[in-house]
Amino acid sequence: MTDISTLLSKVPTGLLIGGQWRDSSDGTTVDVDNPATGEHLATLASATSEDAVAALDAACAVQESWARTAPRTRSEILRKAFELVHERAEDFATLMTLEMGKPLAEARGEVTYGAEYLRWFAEETVRHYGHHTEVPEGTLRMTTRHKPVGPCLLITPWNFPLAMATRKVAPAIAAGCTMVLKPAKLTPLTAQYFAQTMADAGLPDGVLNVVTSQSASSVSEPLMADPRLRKVSFTGSTPVGRTLLKAAADNVLRTSMELGGNAPVIVFADADLDVAVEGAMAAKMRNGGEACTAGNRILVEESVAAEFTEKFVARMEGLVTGDGLEDNTDLGPMIEAKAVDNLESLVADAVNLGARAAVGGQRLDGPGNFFAPTVLVDVPTEARVFREEIFGPIAPIFTFRTEEEAVALGNDTEYGLASYVFTQDPARMYRLADGLEFGLMGYNSGVISNAAAPFGGVKQSGLGREGGAEGIAEYSTVQYIGQRDPYAGR
Ligand code: NAD
C-alpha cells in the first residue's frame, strides 16, 4: 500500500514554466480535494494570465531548437517516459484514485492505457513519412514533408487525468511541437507528476509547460489571442468546445476538439446476450459512467429486453460502491457534489415521465459524492437521460422493434462520438456502421479505446482524431516543395 503523504510530497505544487516549478505571480492557489472523503489533498499554484503568457514565452523560446531535434531523440524521450510511467505506475494510479475517485483497479488500467500513447508515438516519431513524386504534367518534382504546427495549448478534463494528457502531449512531442498544458483544476496532481516524469525522461526545458489555474479562461484567452500560439487541442464538454472554437477563429488556429458524447448501446435479439450484458456493463460503468464514451442509452430489441434487463440488473446490483482505495470497490464517488445533484434530477425527471428504477435511483450517504448504480426501465425518449450526457452510474433501457428503428434512435442525438452494437450477424454490423453517425463503433465490445486507434467524434462531439497514425497529423503541417523539373528545356 502506497504511503499517501510520501506520495503527495513527490508531486510538484508550482507552475512548470521553462523547466522551473514556480509560484503564481499573484500568489493565488488551487485546492485539490478527495471526492471520496472530502479531505484536502494538496494546494497548488494557480496561474494568472501573466503566468500563462510566461509559459507561452518559454514554449516559443525553444520551438525552433525542438523542431530541429532529431526524431530519434524525441522518440527515445517518449520511450523513456513510457518506462518511467510504468516504474511509477502505483504512484500514478493512487494519485488518480485520490483526486478523481475511480477505483484503484481502474486507475491502474488507465496507467497502462495512458502510457501506451507514449510508446505508440515513440514509434510514430521516426515513421512520419512525406512523399516524393512528379506532378502529372511532368513539369515539377513534388516533395511533401511534415513540419510541427508550432506552440500548442492543450486543455484536458478531470475524468482521465493521465490518459487525456498523454494522448495530447505524446503526439505533440512526436511532431516536434512545444506546448502549454492546462489540466482540469479538480485533478491536476496526476498532470503535475506526469510533467515531472517527462522532465526525468530527458524532455528539454520549455517543451512542456504546465499551468493549472482556478480560472481556465485566464489561461486560454490571452494565449488564444496571442499570434505566437498555433494550435489548441481541447478535451471537455461541448459548450466549452464551442467557446474555444469561436476564440480560435480570430487567429485561425488549428483546433482538435474531443467533446461530449451520448453513446447508444444497441443490442439485437441475435446477439450473445451474455457478451452484450458484459459489453453494456463495460461501456456504461467504465470510470463510474464519467466518460465521454459511456453507453448512455441502452437500446434493446423488444423480444430480448426482459431477459437482457434481468441479467443486466443482476450485474448492476452486485456492484460495490465505496472509496476507490478499498480493494473490493467497483464504483467510486462522483467527482463533485453538484454531479450527484444532477444525477438525482435526471432520475426524478425520468420517473416523472413514467420510468421506474429497477435498481438504485438515489444518492448514497457521504462523506463523499456517492450515487447508487441505477437501472431505469420503461423510459420514454422525452426523458432528459435520452438527450443529455448522464456522466454517472445511471443506465436507462429503451426498446426497439426493427433495425431501422434502432439506427434512427441511435442517431437521435446531437452527439456522434462512441456507439456500440451487439449482434452475431456481421452483415448487420456493416449496415449499422454505415447507418450510425458516430466516429467510433464497438462491435460486440464495450471498450474500444486504444493508442493505435483514431479516437474522435462527428457532429457536436468534435473535430480531429487522437491516437493512431492520425494522431501525429493533428500536430503537423504539410509543406509541399515544387521543384522545377531538372530536365526541363533540354
Ligand atoms: P469541461 O468542459 O468543464 O472542462 C474541460 C477543461 O476545460 C478543463 O481543463 C476546464 O478547466 C477547461 N475549461 C472550462 N471552461 C473553460 C473556458 N471557458 N476556457 C478554457 N478552458 C475551459 O469538461 P469536464 O467537466 O472537465 O469534462 C467532462 C466533459 O469532457 C464531458 O462532456 C465529456 O464527454 C468530455 N470528454 C470528452 C472526451 C473525448 O475524448 N471526446 C474525453 C473525456 C471527456
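The values are calculated or read from the model by the stated rules, or taken from the named source; none is laboratory data. Keep in mind that what you see is a predicted model, and the values were worked out from it rather than measured. A quick note on method: Cβ atoms are made from the backbone with ideal geometry, for glycine too, and the neighbour counts reach across all protein chains shown. Heavy atoms of the whole protein, side chains included, go into the accessibility calculation; ligands, DNA and RNA do not. Shrake-Rupley method; radii C 1.70, N 1.55, O 1.52, S 1.80 Å.
Structure above, values below:
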item	result
In region 243-307, the GluC sites (Glu not before Pro) that fall in loop regions by DSSP, at most 15 other Cβ within 10 Å	none
Extension gain from GLU326 to SER25, taking 0.36 nm per residue of separation minus the Cα-Cα distance	104.4 nm
Calculated FRET value between GLU470 and ASP434, using beta carbons and R₀ = 25 Å, to 0.05	0.75
Mean accessible surface per residue for the chain, computed with a 1.4 Å probe while every protein chain stays in place, in Å²	39
Tilt relative to the chain, helix 104-125 - C-alpha long axis, 0 to 90 degrees, to 10	30
Karplus (6.51, -1.76, 1.60) ³J(HN,Hα), θ = phi - 60°, over region 5-20, in Hz, Gly and Pro reported as x	5, 5, 4, 5, 5, 7, 8, x, 10, x, 8, 9, 10, x, x, 10
Simple spin-label estimate for ALA269 and ASP365 in nanometres, 7 Å along Cα-Cβ	4.7
Whether region 1-73 is rounded, prolate or oblate, judged on the alpha carbon gyration tensor where a/c under 1.5 counts as rounded	oblate
Calculated FRET efficiency for the pair ALA314/ARG68, C-beta based, R₀ 45 Å, to 0.05	0.15
Cross-link pairs LYS102/LYS182; LYS80/LYS459; LYS185/LYS284 - those with Cα-Cα distance over 28 Å	LYS80/LYS459
Fully extended contour minus Cα-Cα distance, from VAL252 to ASP205, at 0.36 nm per residue	14.1 nm
Percent carbon-and-sulfur accessible area, region 395-490, ignoring ligands, DNA and RNA, probe 1.4 Å	50
Relative contact order (%) - the chain, alpha-carbon pairs under 8 angstrom, separation at least six	18
Qualifying trypsin sites (Lys or Arg not before Pro) for region 1-84 [loop in DSSP, other Cβ within 10 Å: at most 14]	LYS10
